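Visitor: Attaching a single structure in structure tokens format; questions to follow.
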Amino acid sequence: ASPYNAGEIEQKWQQSWAEWGLDKTPVASDLPKFYALSMFPYPSGNLHMGHVRNYTITDVIARLKRMQGYQVLHPMGWDAFGLPAENAAIERGIPPKQWTEKNIAQMRAQLQQLGLSIDWEREVATCAPDYYRWTQWLFLQFFQAGLAYQKEATVNWDPIDQTVLANEQVDGEGRSWRSGAMVERKLLRQWFLKITDYAEALLNDLDKLDGWPERVKLMQSHWIGKSVGAYLEFPLKDSDEKIAVFTTRPDTVYGVTYVVLAPEHPLTKVVTTAAQKQTVADFVALMAKESEIERTAEDKPKRGVRTGGVAINPFNGKEIPILIADYVLYEYGTGAVMGVPAHDQRDFKFAQDNHLPIQVVIVPDDADNNDVELGAAYTEAGVMVNSAQFTGMASPKAKEAIIKFAEDHDYGRAKVQYRLRDWLISRQRYWGCPIPIIHCDDCGAVPVPSQDLPVELPDNVKFSGRGPSPLAKLTDWLNVPCPKCGKPARRETDTMDTFIDSSWYFLRYADAQNTELPFDGEKVAHWLPVDQYVGGIEHAILHLLYSRFFTKVLADRQLIAVKEPFQKLLTQGMVQGITYKNPTTGKYVPAKDLQTGRQVIDAKDPKDPDSGEPLQVFYEKMSKSKFNGVDPQEVLAKYGADTARMFILFKAPPEKDLEWDDADVEGQFRFLNRVWRLVTDYIGDRPETLTSNDPLTKAEKDLRRAIHGAIKEVAEDLNDDYQFNTAISEMMKLSNALIAATDLTPSPVYQEGIETLLLLLAPFAPHLTEELWHRLGRTDSIHQQSWLQADFTALVLDEITLVIQVLGKTRGTITVPAGADKTQLEELARNSDLAQRYLAGKTIKKVIVVPGKLVNFVIT
Ligand code: ANZ
Ligand code: ZN
């Protein structure tokens, strides 16, 4: 028989499948639907192993579901806007569109080589005008609903290149990637989406997502960060204005000894006295240079200065100083905090450093002295002290009572606060979806009329990386008449965050060719929610939250009916490569010479090729900078797609990290070769007509039991949590059973075994199984066969092994019918050769029968 030639058969079948339209999404079918979705890739140019793992997992699920009788939607597309394309334009002069399209073509070819059963007719690219037209249309839906608005926000500003930078363009020390200048923070008017309006719904509906990993739901709930407390207002001593604070601990209000404003807070200017003006200005300038992370780092001392201003605690009339400090964030709550050093650890440290008084107002229930010397803040609940009429109350009760009191006296009100902030979607970049707004001096922000969509990205653009966004420099694109009044007006030059593009692509797949609307509501109603979403844990928060937000807004606008987009979520583990590090220099060392590709590190005795030092060896996520990547292209060329798929599925359960190991890749290659030989040998050996024994012989029954045992086990492994690795183990067991039973090849049971093995393996190794299926004489595709049901009667043993004991000592075993009762077992045991031998000349006093197990003869 011919040897297994993966390259040849894979190409052949990929072509046939495309010709047959095998992977097209069925329309007008009565079958239940299944929507299998992978997170679409950014077209960087090359597929990496993380992609291969992600798409293989989804593909096996899609193939399995088709065989199980579902109509399946399994699409693919490209998250194609973004910074790298623009960087390529700046650095190498390639237009972003050209760079992106070339990469897409390259990666699409790679995906096709993997044998993914994708409906390519539904392919989307977010940078295509027929896609982003609808992104703009949807943006205008948000705008009309009052969910898109403009306000000032800080951006990263490169003072040398005079340009806004994305976070990715700022290094760890806060320098610009291009100019090396220290990046500053600058206020710009920018677009936001009001995701905060949906905070409560996004939080509550997490409960409905029982097909999501707990970890992901927890991350989302922390991100939304709901806090229940109050807004309280502290009047200024010398003016009519008030400082509003948000606090989760209104019960500590009698312990307030100062108030702190965020440095950016507008009242900072109002409260600062002449004497403190310079100090405050210097501090504000310093803060403007620091990121939020630097400002609020836990380990750093809290810094702050006095403004000289004084506020009044309305509860007790006490005068308290007003400060500004690094740890108060302008964007959270009201941007102001009441300082309670006795009961908040951050405040405690801050008060110590700044010589502010500490006033205890809550003590532990068992405290015998109210004037405790605190070594740290007391943050627990307890009994109220020094708190006027609230003294003596339990603090949780006092919390409610104080809020009530505040509301009655107009000092404040109950307030639920979310950590989640509105979504800043403006990017001062070219390669993104233009925001479809025209600014008119008279009419304000006017939406581009829908018949004028898309606002297309102009082609004739120069990229220098300096100055304002390339769009802001194109006057003929920029200047347009106002759609409302006709006066000269200007286009918005900001483009949208690419997370917007990916917040609705799963809806577009349901109706990817629609030229009238982003999608037809009925088609979305048919396919959504996604039944199984598969992707990286790095998207646990933003992408998944934004997609949920979009879905809810579109549902409220009655454009779609679903409220949650993704029914089940599988976050696949990382693919890790073997990594070598020099312990003295801390540098990663490539195992192969980067130029010649020659192996320079001996895996058995890893030493630094330069210094000869022994290296540290461990597994880490594959990345270019660690020289530990394995190129999918090389693996495909060497072993073929089926082996690559099998290895990835076999090596680890899908949600766990996977350590790349060449020997295990070999192992899967050998397994597929074994299957190849098993089936091709069988085809060569089997007689023209198979002979069936009636009833089946014991050997035939044993083989059938192995066959149906495998079907049952694989079904259990693939039921819901997709334990592909153990499913493959079952297939290996079955192939071993078939290899051991080759004398049964004339029997139809053997044929059943061969077919079963191929059918079970089909979603995993689609090409090899298709080839062998056809060699077996079948003319239809193996991928259009029905998934197998186990015949449970085949699993029942009809003979069992019975242990024969004499005086409790095991003398041997005999084979008996599985259904024999106690009397029959005793009879069979007595008559066995074994018993005859040991019992000759002895008197049997008693026989103990344990059905299914043993017979024990008690003799004298
Ligand atoms: C007084 C107080 C006393 C507080 C006490 C806590 C304990 P979460 O739970 O995260 O919502 N806070 C409010 N706004 C802030 C801002 N913009 N920047 C920094 N901190 C801010 O935290 C709410 C608590 O964080 C609020 O309750 C406030 O401090 C502080 F014994 O008010 B608390
Ligand atoms: Zn106008």
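Each reported figure results from applying straightforward, stated rules to the coordinates on display, with no laboratory input. Values in this document were obtained by computation on a predicted structure and should not be read as measured data. Here the Cβ is made from the backbone with ideal geometry for all residues, glycine too, and neighbour counts use every protein chain on show.
Visitor: Name the residue farthest towards the positive end of the dipole of the chain from the options Phe549, Pro84, Met49, assuming +1 on Cβ of Lys and Arg, -1 on Cβ of Asp and Glu, about the Cα centre.
Guide: Of the candidates, Met49 comes out farthest on the positive side.
Visitor: Between Glu298 and Gln11, with labels modelled 7 Å along Cα→Cβ, what's the label distance in nm to one decimal, could you check?
Guide: 5.7 nm
Visitor: Determine which aspartates and glutamates satisfy two conditions relative to Lys399: a Cα distance under 12 Å, and not lying fewer than 8 residues away in the same chain.
Guide: Asp251
Visitor: Going Cα to Cα from Lys97, which lysines come in below 23 Å? Please leave out same-chain ones fewer than 8 positions away.
Guide: Lys462, Lys473
Visitor: While we're here: Where a ≥ b ≥ c are the square roots of the eigenvalues of the C-alpha gyration tensor, would you call segment 631-760 rounded, which needs a/c under 1.5, or, failing that, prolate if a/b is larger than b/c, or oblate?
Guide: Since a/c reaches 1.5 but b/c is at least a/b, the shape of segment 631-760 is classed as oblate.
Visitor: Any chance you could give the angle, 0 to 90 degrees and rounded to 10, that helix 698-718 forms with the longest Cα principal axis of the chain?
Guide: For 698-718 against the chain, the angle is about 0 degrees.
Visitor: Moving on. Any idea what angle helix 277-288 forms with the longest principal axis of the chain, computed on alpha-carbon atoms, 0 to 90 degrees, nearest 10?
Guide: Result, in degrees: 20.
Visitor: Something else about it: Indicate the gyration tensor shape class of the chain (rounded, prolate or oblate), computed on the Cα atoms with a ≥ b ≥ c the square roots of the eigenvalues: a/c under 1.5 is rounded; otherwise a/b larger than b/c is prolate and the rest oblate.
Guide: Taking the square roots of the gyration eigenvalues as a ≥ b ≥ c, the chain is prolate.
Visitor: Quick check: residue separation of Asp442 and Lys822 times 0.36 nm, minus the Cα distance between them. What number comes out in nm? Intermediate values should be presented prior to the final figure.
Guide: Details: separation 380, 0.36 × 380 = 136.80 nm, distance 9.96 nm.
Here the answer is 126.8 nm.
Visitor: Counting only the backbone N, which residues of segment 25-51 are under 12 Å from the spot 7 Å out from the Cα of Asp657 toward its beta-carbon?
Guide: none
Visitor: Something else now. If you count the DSSP beta bridges with both ends in the chain, what percent of them are antiparallel, to the nearest 5?
Guide: Close to 75 percent.
Visitor: Also, quick follow-up: Among Phe627, Ala644, Leu797, whose Cα projects farthest towards the positive end of the dipole of the chain, with charges put on the beta-carbon of Lys, Arg (+1) and Asp, Glu (-1)?
Guide: Working it through, the farthest residue towards the positive pole turns out to be Leu797.
Visitor: Which order do the peptides 105-111, 42-48 come out in when sorted by mean C-beta neighbours inside 10 angstrom, highest first?
Guide: 42-48, 105-111
Visitor: Just want the answer: with Cβ charges of +1 for Lys and Arg and -1 for Asp and Glu, which residue in Pro488, Leu672, Gln836 is farthest toward the dipole's positive end in the chain?
Guide: Gln836
Visitor: Do you know the relative contact order of segment 575-649, to the nearest whole percent, from alpha carbon pairs under 8 angstrom that are 6+ apart?
Guide: Answer for segment 575-649 is 34 percent.
Visitor: Shape call for segment 118-234 from the C-alpha gyration tensor, a ≥ b ≥ c root eigenvalues: rounded (a/c under 1.5), prolate (a/b greater than b/c) or oblate?
Guide: oblate
Visitor: Let me ask something else. Report the label-to-label distance for Lys809 and Gln389 in nanometres (one decimal), using points 7 Å from each Cα along the Cα→Cβ vector.
Guide: Distance between the two pseudo-spin positions: 9.4 nm.
Visitor: Counting only C-alpha contacts under 8 Å and six or more residues apart, can you give the relative contact order of the chain as a whole percent?
Guide: Computed value for the chain: 13 percent relative contact order.
Visitor: Same structure again: Of Lys242/Lys269; Lys102/Lys592; Lys581/Lys626; Lys581/Lys607; Lys237/Lys289; Lys151/Lys217, which ones are farther than 20 Å apart at the Cα?
Guide: As for pairs spanning more than 20 Å Cα to Cα, those are Lys102/Lys592; Lys237/Lys289; Lys151/Lys217.
Visitor: Quick one: helix 96-113 against the long Cα principal axis of the chain, what's the angle to the nearest 10°, folded into 0 to 90?
Guide: It works out to around 20 degrees.
Visitor: Shifting gears a bit: If the chain between Glu19 and Ala381 were fully stretched, how many nm would it gain, using 0.36 nm times the residue separation less the Cα-Cα distance?
Guide: Between Glu19 and Ala381, full extension yields 123.2 nm more.
Visitor: Let me ask another. Please order Cys482, Cys443, Cys433, Cys127 by the number of other Cβ within 10 Å, starting at the fewest. Could you put the intermediate results ahead of the total?
Guide: Working: Cys482 18, Cys443 14, Cys433 28, Cys127 25.
The order, fewest Cβ neighbours first, is Cys443, Cys482, Cys127, Cys433.
Visitor: Quick check: Cα centre of segment 713-731 to Cα centre of segment 304-375, how many Å?
Guide: Going from one Cα centre to the other spans 58 Å.
Visitor: Hey, another quick one. Below 23 Å, Cα to Cα, which lysines can Lys822 reach? Residues fewer than 8 away in the same chain don't count.
Guide: The reachable lysines, counting only those whose Cα sits under 23 Å from Lys822, are Lys809, Lys842, Lys845, Lys846, Lys853.
Visitor: I would also like to ask the following. Expressed as a whole number of Å, what is the distance separating the alpha-carbon centroids of segment 527-588 and segment 192-231?
Guide: Computed from Cα coordinates, the inter-centre distance equals 15 Å.
Visitor: Mind putting a number on the dipole of segment 588-690 about its Cα centre? Charges go on the C-beta only, +1 for Lys and Arg and -1 for Asp and Glu, and I need it in Debye to the nearest 20.
Guide: 220 debye
Visitor: From the cross-link list Lys656/Lys733; Lys194/Lys226; Lys226/Lys300, which pairs have alpha carbons spaced over 22 Å apart?
Guide: Lys656/Lys733; Lys226/Lys300
Visitor: Segment 751-816 to segment 590-611: how many Å between their Cα centroids?
Guide: Computed from Cα coordinates, the inter-centre distance equals 46 Å.
Visitor: In segment 416-457, which residues have a backbone nitrogen under 20 Å from the label point lying 7 Å from Lys484's Cα in the Cα-to-Cβ direction?
Guide: Output list for this probe position: 435-453, 455.
Visitor: OK, next. Listed highest first by mean packing, meaning other Cβ atoms within 10 Å per residue, what order do 595-602, 543-550 come in?
Guide: Details: 595-602: 10.9, 543-550: 22.5.
So the peptides 595-602, 543-550, ranked by packing, come out 543-550, 595-602.
Visitor: What does the charge dipole of segment 664-795 about its Cα centre add up to, to the nearest 20 debye, if the Cβ of each Lys and Arg holds +1 and the Cβ of each Asp and Glu holds -1?
Guide: Working: 12 positive and 21 negative charges, 64 e Å.
Dipole size: approximately 300 debye.
Visitor: Also, quick follow-up: For Thr273, put the label point 7 Å out on the Cα→Cβ axis and report which residues of segment 204-247 keep their amide N under 16 Å from it.
Guide: Within reach of a label on Thr273, which here means backbone N under 16 Å from a point 7 Å along Cα→Cβ, segment 204-247 contributes 236-239.
Visitor: Using the Cα centre as the reference, give the magnitude of the dipole from point charges on the C-beta atoms of the chain (Lys, Arg: +1; Asp, Glu: -1; all else neutral), rounded to the nearest 20 debye.
Guide: With Lys and Arg at +1 and Asp and Glu at -1, about 560 debye.
Visitor: Could you grab the relative contact order for segment 709-834? Cα pairs under 8 Å, six or more apart, rounded to a whole percent.
Guide: 16 percent
Visitor: Grab the Cα-Cα distance for Lys604 and Leu797, subtract it from 0.36 nm times how many residues apart they are, and report the gain in nm with one decimal.
Guide: Gain in length upon complete extension: 64.7 nm.
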